[in-house]
1. Out of the residues in region 15-43 that are assigned to a loop (DSSP other than H, G, I, E, B) and touching a residue at least 60 places away in the same chain (Cβ under 8 Å), state the one that is surrounded by the fewest Cβ atoms within 10 Å (Cβ to Cβ).
2. Identify, from the list 167, 128, 181, 133, the residue that is in contact with a helix residue (DSSP H, G or I) (Cβ under 6 Å, 6 or more places away or on another chain), at pLDDT below 70 and surrounded by 15 or more Cβ atoms within 10 Å (Cβ to Cβ).
3. Checking the conditions here, which among 140, 116 is closer than 22 Å to residue 260 by Cβ, modelled with pLDDT of 90 or more, crowded, with 19+ Cβ neighbours inside 10 Å and under 19 Å from the mean Cα position of the chain (by Cα)?
4. Residues in region 40-50: is at least one modelled with pLDDT under 90 and at negative phi?
């Protein structure tokens, strides 16, 4: 298997974003000084595999054959059995493991899942409006990797509030960049009725810059841990050029590897700085 095919397996089966979800939750529990809840971790990772692959399957099913045969869906068509096995396996794991979660976690995850399912409804307003898509996806991720771990393991503090702000801003920054990739795809698959609901790239980048500078300054003026400040600053400096080059049209794998991959930067930097 060549490098290109290996990358396709990681990104198009959503194993890479699944790993990002796990590392982000590890990061949250570490910053909260709490023992990692592996039951919650694996449940959410399976949920990511299930929902993301199901969404891809639903899009492919409703896309006319002459459109589905384009480069965008070429890999999906060749590997549809793998995707369906992934959906079934993740779904079975979710059914058997949900009883192991505490009641509060189950209630919060169920509420988040219901909210995120708005995105999967064929004629949902969310599917027609790019702003709504970004809000639903970012809020769902934020609940899973930050809000629920805080609500179920500890009480609110300045440190926890900074964690919430930090992750929310980064998720929205990535979400608004993804809208530029999704716009072209949604036009191709007829998923979007109109195209005037997205932010211009330069505005998206300015919001991203403002948000990341704001987060870095929050860590700078706080007395929590200077490691958080340096790692946030390095994440900011590495992310900006990665984000800026998306102004020119990039492949889907670029977004799935390097834009989504920004979510790995700070957790890995914190681990390195902590040695």
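The values are calculated or read from the model by the stated rules, or taken from the named source; none is laboratory data. Predicted, not measured: the structure shown is a model, and the values here were computed from it. Counting neighbours? That spans all protein chains shown, and the Cβs are built from the backbone with ideal geometry, glycine included.
1. So the first thing to find is which residues in region 15-43 are assigned to a loop (DSSP other than H, G, I, E, B), and the list is 32-37.
Within this subset, residues satisfying the condition of being touching a residue at least 60 places away in the same chain (Cβ under 8 Å) are 32, 34, 37.
On the way: 32: 17, 34: 14, 37: 19.
Selected residue: 34.
2. Details: 167 fails: at pLDDT below 70; 128 fails: in contact with a helix residue (DSSP H, G or I) (Cβ under 6 Å, 6 or more places away or on another chain); 133 fails: at pLDDT below 70.
On inspection, the qualifying residue turns out to be 181.
3. Numbers: 116 fails: modelled with pLDDT of 90 or more.
The conditions single out 140.
4. The initial filter retains those residues of region 40-50 that are modelled with pLDDT under 90, namely none.
There is no residue in region 40-50 that is modelled with pLDDT under 90 and at negative phi.
Matching residues to (1) modelled with pLDDT under 75; (2) surrounded by 18 or more Cβ atoms within 10 Å (Cβ to Cβ):
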{"residue": "190", "(1), (2)": "yes, no"}
{"residue": "206", "(1), (2)": "no, no"}
{"residue": "211", "(1), (2)": "no, yes"}
{"residue": "214", "(1), (2)": "no, no"}
{"residue": "244", "(1), (2)": "no, no"}
{"residue": "248", "(1), (2)": "yes, no"}
{"residue": "265", "(1), (2)": "no, yes"}
{"residue": "270", "(1), (2)": "no, yes"}
